[in-house]
Amino acid sequence: GTWTLSLSGVADGTHTYVARATDQAGNVSPNSAPRVVRVDTQPPQTSITSGPTGTVTGTSVTFAFASSESGSTFECRLDRPAGQGSYQPCTSPRSYTTTAAGSYTFRVRASDPAGNVDPTPASRSFTVSVATPTPSATPTPSPTPTPTATPVNIVAEAIWETPKGAVVGQPTTF
């Protein structure tokens, strides 16, 4: 026949179980094939191993992360100045494009093979400072030189002609 056994209070770790049957006459069967059970009630701990902190001026950020339990999978979330993000499956390293200035928070949580999820995701906050483009220097045109007037005195002599001949007069300044 078939049978079921429920155990409680079993410590975390790997356990091997075998079964054998005893009939009413006292005959004992050989052991069944071993059944290996891994008990895991503890969530993994997630850590961020690299990534930005403080103020950054670039438009790309990358984070690397790890779990205290091998075989874990990850979910990442990036909260931006425009609002809170949502957890999405990810792998390490994870890169994001950050074009808006303001405060950001990266979060990552691990899930171990038994399905335990880290209840305290690792997080790292940073601020993006978008550099304001520096206006290119445009040369200031030099002023057009204004001609300076130099006073000129013209001296001429007035000459009149009369029926009797030429008469030379006094010099006159115009």
Q: Have a look at segment 8-60 and give its Rg and Dmax from the Cα atoms, expressed in angstrom.
A: 25.2, 82
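Quote the FRET efficiency, to the nearest 0.05, computed for T22 versus Q42 with a Förster distance R0 of 30 Å and r equal to the Cβ-Cβ distance.
Numbers: r = 37 Å, r/R0 = 1.22.
Once the sixth-power term is evaluated, E becomes 0.25.
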Q) Taking 0.36 nm per residue of separation and subtracting the Cα-Cα distance, what length does fully extending V56 through S6 add? A) 12.5 nm
Q.
What value in Å³ per residue do you get for the convex hull of the alpha-carbon atoms in segment 1-133?
A. 128 Å³
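So with the 1.4 Å probe, I'd like the accessible area per residue for segment 30-121, rounded to whole Å².
That works out to 56 Å² for each residue.
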Q: Estimate the FRET efficiency between V130 and C90 by the formula 1/(1 + (r/R0)^6), using the beta-carbon distance for r and 35 Å for R0, to the nearest 0.05.
A: 0.90
Q | Low-density loop positions, trypsin sites (Lys or Arg not before Pro), segment 61-126 - DSSP coil, at most 12 other Cβ in 10 Å | A | none
Q: Pop a pseudo-label 7 angstrom from the Cα along the beta-carbon direction at both T14 and A33 and give the gap in nm to one decimal.
A: 1.8 nm
Q: Could you list the trypsin sites (Lys or Arg not before Pro) in segment 1-59 that lie in coil according to DSSP, counting only those with at most 10 other Cβ atoms within 10 Å of their Cβ?
A: R20
Q: Quick one: pull the percent of accessible area on segment 41-138 belonging to carbon and sulfur, 1.4 Å probe, ligands and nucleic acids left out.
A: 50 percent
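Treating only the Cβ atoms of Lys and Arg (+1) and Asp and Glu (-1) as charged, compute the dipole magnitude of segment 52-128 about its Cα centre; round to the nearest 20 debye.
Value, rounded to 20: 240 debye.
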Q: Report T91's accessible area, 1.4 Å probe, all protein chains in place, as a number in Å² to the nearest 10.
A: 100 Å²
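So for Y104, Y87, Y96, what's the accessible-area order with a 1.4 Å probe, most first?
Reading off the accessible areas and sorting them downward yields Y87, Y96, Y104.
The values are calculated or read from the model by the stated rules, or taken from the named source; none is laboratory data. Bear in mind the structure is a predicted one, so any value in this text is a computation, not a measurement. Cβ coordinates were reconstructed from backbone atoms using ideal geometry, including for glycine residues, and neighbour counts include every protein chain displayed. Ligands, DNA and RNA are excluded from the accessible area calculation, which covers all protein heavy atoms including side chains. Shrake-Rupley method; radii C 1.70, N 1.55, O 1.52, S 1.80 Å.
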